[in-house]
Amino acid sequence: MMKIENDPSPLLDWYIEIGDALLKSKSFHIALFSTEKRLIYSNEAFNSLVKDDPCRSFLNPSFDDLLSLQSSTSLVFNGYLSFGDYQSENNSIVAQVFKKQNKLLVIGGVDTGQLLAQNSAMHQLNREVIDLQRDLIRKTHTLENTLSRLREANEELTRLNADKNRFIQILGHDLRSPFTTLLGFSDLLLENIHFYDLDRIESLIQIIHKTSHQIFNLLEELLLWSKAHTDRIPFEPRLIGFQKVCQQVVESSKSHAEMKNITIIVSEDVDATLYADELMLRTILRNLISNAIKFTHRNGEINIRTDREESFAIVTVTDSGVGVAHEHIDKLWDITQIYTTEGTASEKGTGLGLLLCKEFVEKHGGWIWVDSEPGKGSSFRFALPLQHVAAHQTVCLDKEIRD
């Protein structure tokens, strides 16, 4: 154990240095007053305690109280001195007051024990604040997660509500209208079958036949949409040749195109092998080709081609049709903004076809977009992987191609 020397005599050789250090210290306070309340000397630390009138800055005990104290020695006071005024901040020091002849010497400083206690209290307070901050961070994180789930639920609710409204509109208008046509012409034919000639009867049957196909295609599209939204369509991607599938879909669409004398050309420059679900790929192509036929004028042309971009194939279906105004393009992919127009031969549609294409393309980790100009046709493009790729690769390539 270290031995502590209490004999101050070794310090006598250092009294000048000690005195100079104490007078300049920020924690050692010293002042000399006359009994007539005149400040004779004070160091900087003491000056920081008092206001304009040093004697009036003694609060407890007051300067007058100190003057009145008597003692058998020069030490008249030993304890806490408070300084300041009653309207602002006050400070206290541990001090000794000496009276000798007509002078009062005040010597004091900060109580080390008090500092340690305050420091300990501050540490405890800091720990409590840190604990409160951690608890606040945990609660904030929980709240953010809750809000995120609520936002997701709200978005899903908005989507489901939009789906519901869309179905109601389709059932209320797009189905009702062709059924009205079907019932009207069938009633007309039934009532007049013995009075109409064969040409008139054939004309009415053709209208009924065309309308029946329209209703069937509409119901089929609604059924497919319903399956897609209830995850009842299996997603089974595999490596398949695009050219073969595309030619088969084009062949099945030819009768529809021939009615408007529209030519469909499939480029054979690139025969990409895609990593895709064949049923979904057929649905995407069938909808885009059908859409192109719908909005292309009689004697027009539709071109289908593929290009390679890193690990993706970009399929483009270009028509020479009416085009889409720039302000309407975003509506094509948003079910909450219903956007349908009649084709060049007054063909009807639900608008669900493009939405199905978008969902099926994104199911593959791809994306779909359109470049169009009114009066100059449209180019619908979609990207599908040439092999199984990670999601971040899709995002990067998407941005690169769009830029």
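Key figures for this structure:
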{"read-out": "Residue selected from segment 109-159 under the condition among the hydrophobic types (A, V, I, L, M, F, W, C) and under 30 Å from Ala95 (Cβ atoms), by the criterion modelled with the lowest pLDDT", "value": "Leu115"}
{"read-out": "Out of Ser27, Ser88, sole residue that is surrounded by fewer than 10 Cβ atoms within 10 Å (Cβ to Cβ), within 58 Å of the chain's Cα centre (by Cα) and not acidic (Asp, Glu)", "value": "Ser88"}
{"read-out": "Check on Gln101, more than 49 Å from the chain's Cα centre (by Cα) and modelled with pLDDT under 90", "value": "yes"}
{"read-out": "Residue identified as under 16 Å from Glu373 (Cβ atoms) and either surrounded by fewer than 18 Cβ atoms within 10 Å (Cβ to Cβ) or among the aliphatic types (A, V, I, L, M) (or both) among Val322, Val315", "value": "Val322"}
{"read-out": "Selection from segment 224-252 of residues that are at pLDDT below 80 and not in a loop (DSSP other than H, G, I, E, B)", "value": "Leu224, Trp225, Ser226, Lys227, Ala228, His229, Ser252"}
{"read-out": "Failed condition for Asn261, given (1) among the polar types (S, T, N, Q); (2) at pLDDT 90 or above; (3) in contact with a helix residue (DSSP H, G or I) (Cβ under 7 Å, 6 or more places away or on another chain)", "value": "(3)"}
{"read-out": "Residues within segment 160-191 that are modelled with pLDDT under 65, of a type outside the set (A, V, I, L, M, F, W, C) and exposed (fewer than 11 other Cβ atoms within 10 Å of the Cβ), tallied", "value": "1"}
{"read-out": "Matching residues in segment 273-302 - criterion: being farther than 17 Å from Trp367 by Cα and not in a helix (DSSP H, G or I)", "value": "Thr273, Thr296, His297, Arg298, Asn299, Gly300, Glu301, Ile302"}
{"read-out": "Residue match in segment 106-113 (condition: part of a loop (DSSP other than H, G, I, E, B) and surrounded by 12 or more Cβ atoms within 10 Å (Cβ to Cβ))", "value": "yes"}
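The values are calculated or read from the model by the stated rules, or taken from the named source; none is laboratory data. From a predicted model like this one, the values you see are computed outputs, not experimental measurements. Note: ideal-geometry Cβ built from the backbone for every residue, glycine included; neighbour counts use all protein chains shown.
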